[in-house]
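Nothing in this text is a laboratory measurement; each read-out follows from the coordinates by a stated rule. What you see is a predicted model, and the numbers here were worked out from it, not measured in a lab. Cβ sites come from the backbone with ideal geometry, for glycine too, and all protein chains shown count toward neighbours.
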Amino acid sequence: MAILLSETAAKEIKSIIKDQNLPEENTRLRVGVQGGGCSGFTYMLDLTEEAPTENDEMLESHGVRIVCDTKSLLYLDGTEIDFKDEVRGRGFVFKNPNATSSCGCGSSFQA
């Protein structure tokens, strides 16, 4: 099971950690899903210093430690998270092979 970050996304996350003066050695990217959004599920991204729980999977991509609860990982396995900085806006983009459809804004999906 895996969640991957593009190099661009990893650089952006490391930059945010540094900009917010978070301790690099203890900060993890928590990735998950929750019910809601216009397509059924909404992606969640959060930087946390909390220790992983017994229901969490620990992953790493491009030097960023990732934590994901096992239920969310069922929907996110194989997902690549990228970061786009374009004229139309900037933000994280999810390429989820498990999504059967997604909304126009790209922040929610159906599985």
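Cross-link partners of LYS18 among lysines, defined as those whose alpha carbon lies under 24 angstrom from its own and excluding same-chain residues fewer than eight positions apart: LYS84. Helices in the chain, meaning DSSP H runs of at least 4 residues, each add -39500 (n - 2.57). Divided by all residues, the mean residue ellipticity at 222 nm is -5500 deg cm²/dmol. The fewest-to-most ranking of VAL93, VAL64 by surrounding Cβ atoms within 10 Å reads VAL93, VAL64.
Just subtract the alpha-carbon distance of GLU80 and GLU7 from 0.36 nm times their residue separation and send over the number in nm, one decimal.
Full extension of this stretch gives 25.2 nm more.
Normalising by the residue count of the chain, find the relative contact order in percent from Cα pairs under 8 Å and 6+ residues apart.
Relative contact order for the chain comes out at 31 percent.
Footprinting exposure proxy ranking of THR42, THR27, fewest other C-beta atoms within 10 angstrom first, gives THR42, THR27.
Suppose we look only past 22 Å in the calculated P(r) of the chain. What percent of the Cα-Cα pairs does that tail hold? Tail of P(r) above 22 Å: 30 percent of Cα pairs. Computed about the Cα centre, the dipole magnitude for region 3-99 is approximately 360 debye when only Lys and Arg (+1) and Asp and Glu (-1) carry charge, each at its Cβ.
Once both labels are positioned 7 Å from their Cα atoms along Cα-to-Cβ, the gap between GLN34 and ILE16 label points is 1.5 nm.
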